[in-house]
Amino acid sequence: MRKKQKTTPPPPHSTNAEESDLFDGLPDDLVVFILCKVSSSASSPSDLISILFTCKRLNRLGVHPLVLSKASPKALAIRAKNWSESAHRFLRLCVNSGNIEASYTLGMIRFYCLQNRGSGASLMAKAAIKTHAPALYSLAVIQFNGSGGSKNDKNLKAGVALCARAAYLGHVDALRELGHCLQDGYGVRQNVAEGRRLLVQANTRELASVLRARSVSPDPGLNGSGCGLLSDFGCDVTEPETHPVNTFLKEWFGSGCDGSGLRMCSHVGCGRPETRPHEFRRCSVCGAVNYCSRGCQALDWKLRHKIECMPMERWLEENNGGDNGGVGGGDGGGGEEEGELN
């Protein structure tokens with residue numbers, strides 16, 4: 001009989017060299033595909049940046065145009081305190097890779113923060129051409145205010161046209177802005193009934209988005225949370241999530257708008273500053289707040305200003321020891337012409 005030969009088991013694959021060989025054996029296309037998934041689902045810039053420091057291969061493939069083109073808005077949410085030339089270069093790489101969100105983000109930063117108006121507007125227009133709704137709306141706000149130029153540079157018709165396009169793409173703030181324009185005859189022929197219809201539609205979309213979010217992540221805030229945004233339907237809904245670039249603007253300018261005497265939009269979710277003195281309109285009742293747009297005014301009225309607003313005369317009486325204790329009224333929807341100071 002033949003002797004049974006002894007077989008030795010294969011050595012365990014536990015050494016670093018062998019493990020690296022397994023990774024090195026993966027084709028670049030597969031690694032890029034995985035990195036695209038990570039980039040599109042990243043919840044912060046660190047999720048993407050940490051990959052670049054892992055190894056030389058991931059550092060090289062992590063800046064592949066396909067990976068950068070898929071970067072999510074949160075992956076581009078750079079904090080103002082962390083702004084640097086390397087952050088600027090990273091956003092430029094994303095723009096050159098065809099990332100529409102990066103075009104909008106860098107465009108807003110250049111236009112408002114770096115005061116490079118031409119380049120910033122060009123980048124926002126690049127995103128708008130590719131049907132990026134927030135870019136369309138931001139360009140509309142620039143046209144309404146003549147931002148970056150003089151009062152004579154306002155183009156109300158262009159602002160309405162850009163708002164209409166953004167509203168068609170589902171942008172709720174643009175839809176609300178368009179409704180107010182139609183109600184007031186601002187840059188378009190007045191049509192009160194159509195304006196009110198669009199405002200109702202904006203509130204419907206606002207409420208529907210909250211209900212969809214609650215169906216995924218239930219929250220007891222609906223119908224009873226005192227800190228929610230009061231919808232016209234009588235429900236407390238959570239405040240709309242602020243876009244990362246608006247958060248960047250708020251952090252960059254802070255409360256004093258870099259000491260130049262220029263004001264910021266009073267809506268807490270906006271962050272846009274004036275580009276010249278008295279560019280924004282003020283509340284016609286109290287004169288204490290100012291807004292870059294009718295949409296921001298309407299949102300801030302429902303969120304906060306409705307409780308705080310009071311006529312200037314009553315404010316003076318109360319601060320001089322008067323006994324009138326009520327809160328000032330008004331509809332919160334008025335805005336004075338540019339430069340009319342109280």
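The numbers here are math on the coordinates, done by the rules we state, and not lab data. Model, not experiment: these values are computed from the prediction. When we count neighbours, we look across all protein chains shown, and the Cβ atoms used for this are built from the backbone with ideal geometry, even at glycine.
At an R0 of 25 angstrom, the distance between the Cβ atoms of ASN152 and ARG117 translates into a FRET efficiency of 0.95.
Please compute the net charge surrounding ASN191, taking Lys and Arg as +1 and Asp and Glu as -1 over other residues with Cβ under 13 Å from its Cβ.
Values: positive: ARG189, ARG196, ARG197; negative: ASP184, GLU194.
Cβ neighbours under 13 Å give a net charge of +1.
Going from the fewest other Cβ atoms within 10 Å to the most, the residues ASP47, ASP173 appear in the order ASP47, ASP173.
Averaging Cα coordinates gives a centre for the stretch 73-87 and one for the stretch 156-178; these two points are 28 Å apart.
Sort TRP83, TRP301 so that the residue with the fewest other Cβ atoms within 10 Å of its own Cβ comes first and the one with the most comes last. Intermediate results must be reported in sequence, preceding the final value.
Details: TRP83 17, TRP301 22.
Result, fewest neighbours first: TRP83, TRP301.
Residues VAL67, VAL38, ranked from the fewest to the most other C-beta atoms within 10 Å, line up as VAL38, VAL67.
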